[in-house]
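Structure record follows, encoded as structure tokens.
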Amino acid sequence: MREIAEDIVGRPLSRPPWFPQSVIVDPDLACALAELHACLGHDNVWTCEMEQDTRLVAFLAGLIARWADVDGLPPVRYESKGIVRVRDYLEANLGQEAELAELAKLAGLSRSHFIRAFQRETGLTPHAYLIDRRFRAASRLLGRGDAPGDVAAPAASLTRATSTACSRRGWA
């Protein structure tokens, strides 16, 4: 992506482009993304690699040209370091139960502020994030060929209902 951004601005960049908005309303880009997806995703219709690459580069170039900030630095949020600590902790302890108060303390925030900050940073509440990470870890292990009994530890708290809900939401 940095290479495309450098082509657009005509100079080397010290870092990849940064997008200050997490949700972009751009009908033209949405159409280009849908066409790219269709080009890449049809099993029964063959599309040559050059067309796929051309559509991908054109989409990314449009995205960067319209919406990227290539010079500014992303804002540093107060809670970012604390949220990173919590995410690292959760990743290292997927099979363990986590207490909200402990996670908030690890982030250096009150429980209510922690929930809002975590959701703002990750897009999920802490509980939904933990379930998502457990489900993804279990799916990855099963896809690798591990026995279901060996996969049970990382997904320890995934009930059948939760597992089904995760599958339906496409979190797998």
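Do we find that Arg111 is within 22 Å of the chain's Cα centre (by Cα) and at pLDDT 75 or above in this structure?
Details: within 22 Å of the chain's Cα centre (by Cα): no; at pLDDT 75 or above: yes.
For Arg111, the condition - within 22 Å of the chain's Cα centre (by Cα) and at pLDDT 75 or above - is not met.
Considering region 6-45 alone, what residues qualify as being out of contact with any helix residue (DSSP H, G or I) (no Cβ under 7 Å at 6 or more places or on another chain), modelled with pLDDT under 80 and over 21 Å from Glu121 (Cα atoms)? Of everything in region 6-45, those that are out of contact with any helix residue (DSSP H, G or I) (no Cβ under 7 Å at 6 or more places or on another chain), modelled with pLDDT under 80 and over 21 Å from Glu121 (Cα atoms) turn out to be Ser14, Gly41, His42, Asp43, Asn44, Val45. Checked against (1) surrounded by 15 or more Cβ atoms within 10 Å (Cβ to Cβ); (2) at pLDDT below 75; (3) of a type outside the set (Ser, Thr, Tyr), Arg136 passes all but a single condition, namely (2).
Taken residue by residue, region 47-64 has no member that is over 30 Å from Glu102 (Cα atoms), modelled with pLDDT of 85 or more and of a type in the set (Asp, Glu).
One residue stands out in region 80-107 among those that are small (Gly, Ala, Ser) and outside any helix (DSSP H, G or I): the one that is farthest from Pro126 (Cα to Cα), namely Gly95. Selection of region 23-51 for residues being free of Cβ contacts under 8 Å to residues at least 40 places away in the same chain, in a loop (DSSP other than H, G, I, E, B) and under 24 Å from Ala68 (Cα atoms) yields Val23, Val25. The set of residues in region 99-133 being small (Gly, Ala, Ser) and surrounded by fewer than 18 Cβ atoms within 10 Å (Cβ to Cβ) consists of Ala101, Gly108, Ser110, Ser112, Gly123, Ala128. Scanning region 43-62 for residues being more than 24 Å from Asp26 (Cβ to Cβ) and charged (D, E, K, R) gives a total of 2.
The values are calculated or read from the model by the stated rules, or taken from the named source; none is laboratory data. For clarity, every value in this text was computed on a predicted model and none was experimentally measured. Neighbour counts are summed over all protein chains in view; Cβ atoms, including those assigned to glycine, are modelled from backbone coordinates with ideal geometry.
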